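I have placed the structure first, in the form of structure tokens, so that the comments after it can refer back to it.
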């Protein structure tokens with residue numbers, strides 16, 4: 001169960017209920033094809049499901065949550081498109097398997113097919129293999145983001161300096177450079 005206020009948005013299947021609390025119709029259905037759309041919504045910060053801005057281009061410095069900072073945990077074939085997407089763009093895809101049966105055939109296939117980077121038993125308790133893996137990913141991501149933020153800052157500063165240099169004529173420029181819009185003979 002999610003803690004109140006711990007998440008800005010949760011995407012899940014939901015239902016319309018009547019006055020007696022009986023589910024009458026699906027309000028939102030999440031399936032394997034639209035799961036990937038929700039990843040792009042998270043990436044761009046376009047969280048309203050009715051906002052078509054999710055299809056707009058965003059420059060890298062305006063991306064809210066880059067795929068490299070995403071962790072996707074999946075347990076079935078319907079998760080494969082998302083796991084592959086996150087994995088392809090440098091994120092962390094984790095396949096989980098039933099800890100009681102220890103059947104790892106699905107996760108072995110997903111590793112071979114480059115769908116996931118890691119696998120662990122579906123044990124979400126503190127101190128479990130999955131918990132320790134998630135903590136390691138968070139530490140790695142935090143360290144990487146320090147470097148990435150420095151890189152983005154340096155690129156932006158370089159662009160700004162280039163723009164300023166283009167706007168200022170050089171001191172040894174020929175006189176016609178100072179007469180913009182006028183014909184000088």
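The values are calculated or read from the model by the stated rules, or taken from the named source; none is laboratory data. Not measured: the values here are computed from a predicted model. Cβ: placed from backbone, ideal geometry, glycine included. Neighbour counts: every protein chain shown.
Selection over the range 149-165 of residues that are within 22 Å of residue 88 (Cβ to Cβ) and without any contact (Cβ under 8 Å) to a residue 40 or more places away in the chain gives a count of 1. Reported count of residues in the range 50-59, each being assigned to a helix (DSSP H, G or I) and surrounded by 10 or more Cβ atoms within 10 Å (Cβ to Cβ), is 3.
Would you check which residues across the range 60-72 are in a helix (DSSP H, G or I) and either within 28 Å of residue 118 (Cα to Cα) or modelled with pLDDT of 90 or more (or both) and list them? Of everything in the range 60-72, those that are in a helix (DSSP H, G or I) and either within 28 Å of residue 118 (Cα to Cα) or modelled with pLDDT of 90 or more (or both) turn out to be 60, 67, 68, 69. Picking from residues in the range 107-144 that are in contact with a helix residue (DSSP H, G or I) (Cβ under 8 Å, 6 or more places away or on another chain) and either outside the structural domain of residue 93 (by TED's automatic domain parsing) or part of a helix (DSSP H, G or I) (or both), the one that is nearest to residue 76 (Cα to Cα) is 110.
Looking across 38, 15, one residue alone is farther than 20 Å from residue 148 by Cβ, over 19 Å from the mean Cα position of the chain (by Cα) and either not assigned by TED's automatic domain parsing to the domain that holds residue 148 or not in a loop (DSSP other than H, G, I, E, B) (or both). It is 15.
Results for (1) surrounded by 12 or more Cβ atoms within 10 Å (Cβ to Cβ); (2) at pLDDT 90 or above; (3) out of contact with any strand residue (DSSP E or B) (no Cβ under 6 Å at 6 or more places or on another chain), shown as yes or no for each residue.
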| residue | (1), (2), (3) |
| --- | --- |
| 91 | yes, yes, yes |
| 104 | yes, yes, no |
| 123 | yes, yes, yes |
| 133 | yes, yes, no |
| 144 | yes, yes, yes |
| 148 | yes, no, yes |
| 154 | no, yes, yes |
| 180 | no, no, yes |
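Residues considered: 87, 69. Of these, the only one that is buried (at least 17 other Cβ atoms within 10 Å of the Cβ) and in contact (Cβ under 8 Å) with a residue 60 or more places away in the chain is 69.
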